[in-house]
Structure formats: structure tokens, C-alpha cells
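Inspection log for the structure reproduced underneath, given as C-alpha cells.
The values are calculated or read from the model by the stated rules, or taken from the named source; none is laboratory data. A quick note: this is a predicted structure, and the numbers were derived from the prediction, not measured. Don't worry about glycine lacking a Cβ; one is built from the backbone with ideal geometry, like all the others, and counts go over all protein chains shown. Surface accessibility is based on the protein's heavy atoms, side chains included, excluding ligands, DNA and RNA. Shrake-Rupley method; radii C 1.70, N 1.55, O 1.52, S 1.80 Å.
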Amino acid sequence: MKILFICSNLGRGGAEKQLIHILRHCSDEDIDVRLINLSRQSEEYWEITINHMNIQYFRIAGHNTQISRLHFIYNCVRHWKPDIVWGWHFFTGLYAVPAIYLAHKSKLVLGVRTDAYNLLSKHRWAPLLIHCADALVANTKAALSQFKDMGVKCKSCYVLPNSIDETSDAGTKKKKKTLKTIGFCGNIHPCKGIDVWLRAIKALCDKGLRVNYIIAGRGDCSDYENLAFDLGLSEMVEFAGSVECASMVKNIDMFVLPSRHEGCPNVLMEAMAQGVPCVATDVGGVGELIDHRENGLLVEPENHRQLAEAVYSLYADCELRNRLGTAAAAKMRGRTSEKIMSDYFVKIVARIAG
């Protein structure tokens, strides 16, 4: 079995981490892999890891244009003749489709790692690309249901669940009677709802909840730092910059994910696995991870007042906070390992290849 993966980058995002998890297991399953990275960045976070794997890896160097990308992928498909071309990031399918039709009739798989409503609203060409695909592979059931609700059809659809790195201390977080630190971690992007969270923090401070609020992640924080200043929160909110989310969530007492759109957020899984009580917006596949008031709290997106109320309710109720954290770790235990995801992956590949 030969699979050509095409990714848009190898940065620190959740989608890229999942790709690394898959690649680690391909050699064990007698799957020959090549990876093409379309990024224009000179150095990428996961490149050192990739270079230590037994796979052929290519990053299009030099004058990286749309034509050069298509030409490179076309040549790889024509000479190597993969059984499957997998656009790990959805839009990379735009380059895979013409390469497949012109060079070799490989099966085309498109990865969906975000809210389908968001994907379709941003890219009107998406349904046409999906029509060309032999299979869609999403990391949530929610995304596939959304496509169906919007009348977008594909030949085959599969769910490939996310995995997180297993650690020996997962779920052993010491229960605390007091709450001192509330954190967010993720890419600094409008879809993450950081502005909504800052307004919720303002409401919490007005109610007297003055703890250490941490906002961590990769990207430009200047707009949010300005908003924090305007809201009088400069001394309350720490912008921690780029961090390793799995390590960060071990050191906080509550995790908040105020996203407008999500697929299956790795950082939420990592926080839950550590037994950290979580509050998150009910978007994308978040509801597949959190059962409201069973192992976390769900709130509406864009509603900073509801978000603040949920956080305050956990702050005020130590017993509820600890119960939700314990239940979160229990739910993640046994369903988030790389082995489980790799088993799903092998089954999906076998069905697609026919």
C-alpha cells in the first residue's frame, strides 16, 4: 500500500500533531508513505521529527507558487503511482485533483478537521472538491452530519478520531480546594473567540473572581492585548506566548475553550485527560468530548455572559469542579491512544483502497 500525504504546513497545530501520530504507525502496518509539505516557511516545528522517520519527505523549496506546487505533486503522482493521495489539510485537495486526473488514477481522500459549516461558508468551491473525492475523513461525527444537513454528498465518509500523547501521570492531577489559575491555549486566531473570553474575564473580575488568567498560543496577540487594556485587565491577564499545550494544561486549575468553530480540539482532550475541569463552547465536535455537567460544562458560542457564569459556577463549587475533572479523565482514558487511532486508520485505508 502506497499513500501520498499532502499537508499545508507542519506547525504546532492539532491537525499536524495528528498527522505525526499517523506517520509513526505506517511503517508498522507495511504502508509506504511519502509526505509533501506545501508550506513556504523555511523551518517547521515537526520537520526534525519527520526527518527521523522512515519516510520520504519533501518541502517545496525556492519559488513556491501554485504552479510549482501542482507541478511537483503531478510529478510525484506520475512517477510513484500511489494507491491513495490524502489531502491532510482540506484545501490541498485543490492540487491533488488535477494531479490525479492527469497523472495516475489514485484514490483521493480529503481530511476535514474543522466545523463543516465554517468550511463551507469560507470556501464556496468546497462542495465541488468533495464531489471529486473518493472519501472524506473527518475527526468528528459532527462534521459529517453537518455536510449531510447541508446537502453535500461524498462517495464515502469516515471518522478518524484524534489521539493525544499518553503520559503516565494522566488523570492524576491533585484536587485543589482553591482555584488560582484559569487558562486558554490554542492558536491566536479569531475563530478561537479570545475576545469573547476577555469580555467574560471582565465580567468575572466585576464579580470578584480575581485569579491568574493565562492566554497562551502561537500568533499575534496585539489586538487582544489592546482589548485587555481597554477592559482594564492588563494586570489580570497574562499573555504567555507560544507554549506546548499538553504541558501547559498540567499547571492550571481550569481550562476554558471559547471557540467559535472547532473540529476535535487536541488541547481540550489533553486538559480533560489531565483531570482539569473544562468549560467550552458547544461547537463542532466539542459536544462529542464533553457531556454537559457530567465531565465538563458547555456554553453557547459568542455568549460571554454565559461563559462567565459557567466559569464562576465551577469556581464556587469545589466538589463539582473536582467531580467533573475526575469524570473528564475517565472519559479520555482508553479512547485517546495512538494505537486506537492507528487501528481506525488501517481499517479506513483498507476500505478506501478496496
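Quick one: is Leu94 outside any loop (DSSP other than H, G, I, E, B), open to solvent by less than 20 Å² (accessible area, probe 1.4 Å) and at negative phi? If you could, list the steps in order and put the result at the bottom.
On the way: outside any loop (DSSP other than H, G, I, E, B): yes; open to solvent by less than 20 Å² (accessible area, probe 1.4 Å): no; at negative phi: yes.
When the stated conditions are applied, Leu94 does not pass them.
Going through segment 1-42 one residue at a time, which ones are touching an Asp or Glu at 6+ places or on another chain (Cβ under 6 Å) and open to solvent by less than 10 Å² (accessible area, probe 1.4 Å)? Please lay out each step first, then the result.
Filtering segment 1-42 down to residues touching an Asp or Glu at 6+ places or on another chain (Cβ under 6 Å) leaves 1-2, 10, 21.
The answer is Leu10, His21.
Kindly indicate whether any position in segment 271-286 is of a type in the set (Asp, Glu), buried (at least 19 other Cβ atoms within 10 Å of the Cβ) and at pLDDT 95 or above. The answer is no, given that none of the residues of segment 271-286 is of a type in the set (Asp, Glu), buried (at least 19 other Cβ atoms within 10 Å of the Cβ) and at pLDDT 95 or above. Across segment 339-354, the number of residues qualifying as open to solvent by 30 Å² or more (accessible area, probe 1.4 Å) and either part of a helix (DSSP H, G or I) or among the aromatic types (Phe, Trp, Tyr) (or both) comes to 9.
Among the residues making up segment 224-233, a single one is surrounded by 18 or more Cβ atoms within 10 Å (Cβ to Cβ) and more than 21 Å from Lys180 (Cβ to Cβ): Tyr224.
So, Ser247, is that one small (Gly, Ala, Ser), open to solvent by 50 Å² or more (accessible area, probe 1.4 Å) and under 20 Å from the mean Cα position of the chain (by Cα) or not? Step through it out loud before you land on a result.
Details: small (Gly, Ala, Ser): yes; open to solvent by 50 Å² or more (accessible area, probe 1.4 Å): yes; under 20 Å from the mean Cα position of the chain (by Cα): yes.
Considered against the rule, which asks whether it is small (Gly, Ala, Ser), open to solvent by 50 Å² or more (accessible area, probe 1.4 Å) and under 20 Å from the mean Cα position of the chain (by Cα), Ser247 comes out as yes.
Any residue at all in segment 297-306 that's closer than 28 Å to Ser121 by Cα, in a helix (DSSP H, G or I) and either in contact with a His (Cβ under 9 Å, 6 or more places away or on another chain) or not basic (Lys, Arg) (or both)? Yes.
For segment 57-94, a residue qualifies if it is over 17 Å from Ile352 (Cβ atoms) and touching a helix residue (DSSP H, G or I) at 6+ places or on another chain (Cβ under 6 Å), and the qualifying residues are Tyr57, Ile60, Arg69, Leu70, Ile73, Tyr74, Arg78.
Could you check segment 1-83 for strands (runs of 3 or more DSSP E) lying wholly inside it with 2 or more residues that are in contact (Cβ under 8 Å) with a residue 40 or more places away in the chain?
Numbers: elements: 2-7, 32-37, 56-59.
Strands (runs of 3 or more DSSP E) meeting the threshold: 2-7, 32-37.
How many residues, within segment 97-129, are assigned to a loop (DSSP other than H, G, I, E, B), open to solvent by 70 Å² or more (accessible area, probe 1.4 Å) and farther than 30 Å from Arg260 by Cβ? Looking only at that region, the number is 1.
Which of the residues that make up segment 205-223 are under 28 Å from the mean Cα position of the chain (by Cα), open to solvent by less than 30 Å² (accessible area, probe 1.4 Å) and on the phi < 0 side of the Ramachandran plot?
If we filter segment 205-223 for residues that are under 28 Å from the mean Cα position of the chain (by Cα), which is where we start, we get 211-223.
If we keep only those that are open to solvent by less than 30 Å² (accessible area, probe 1.4 Å) too, we end up with 211, 213-217, 221.
Residues satisfying the conditions are Val211, Tyr213, Ile214, Ile215, Ala216, Cys221.
The lone criterion from (1) within 15 Å of Ala142 (Cβ to Cβ); (2) open to solvent by 20 Å² or more (accessible area, probe 1.4 Å); (3) modelled with pLDDT of 95 or more left unmet by Ile290 is number (2).
Here's a check for you: in segment 250-267, which residue that is open to solvent by less than 40 Å² (accessible area, probe 1.4 Å) and of a type in the set (S, T, N, Q) is modelled with the lowest pLDDT? Explain how you work it out, then say what you get.
Within segment 250-267, the first condition is being open to solvent by less than 40 Å² (accessible area, probe 1.4 Å), and the residues that meet it are 252-259, 262-267.
The next check asks that each one be of a type in the set (S, T, N, Q); those that pass are 259, 266.
Working: Ser259: 97, Asn266: 93.
Among them, the one singled out is Asn266.
So, of the residues in segment 324-354 that are modelled with pLDDT under 85 and not aliphatic (A, V, I, L, M), which turns out to be farthest from the chain's Cα centre (by Cα)? Step by step, filter segment 324-354, then rank; the result is Gly354. Using the structure shown, decide if Glu309 is assigned to a helix (DSSP H, G or I) and either crowded, with 24+ Cβ neighbours inside 10 Å or of a type in the set (Asp, Glu) (or both). Considered against the rule, which asks whether it is assigned to a helix (DSSP H, G or I) and either crowded, with 24+ Cβ neighbours inside 10 Å or of a type in the set (Asp, Glu) (or both), Glu309 comes out as yes.
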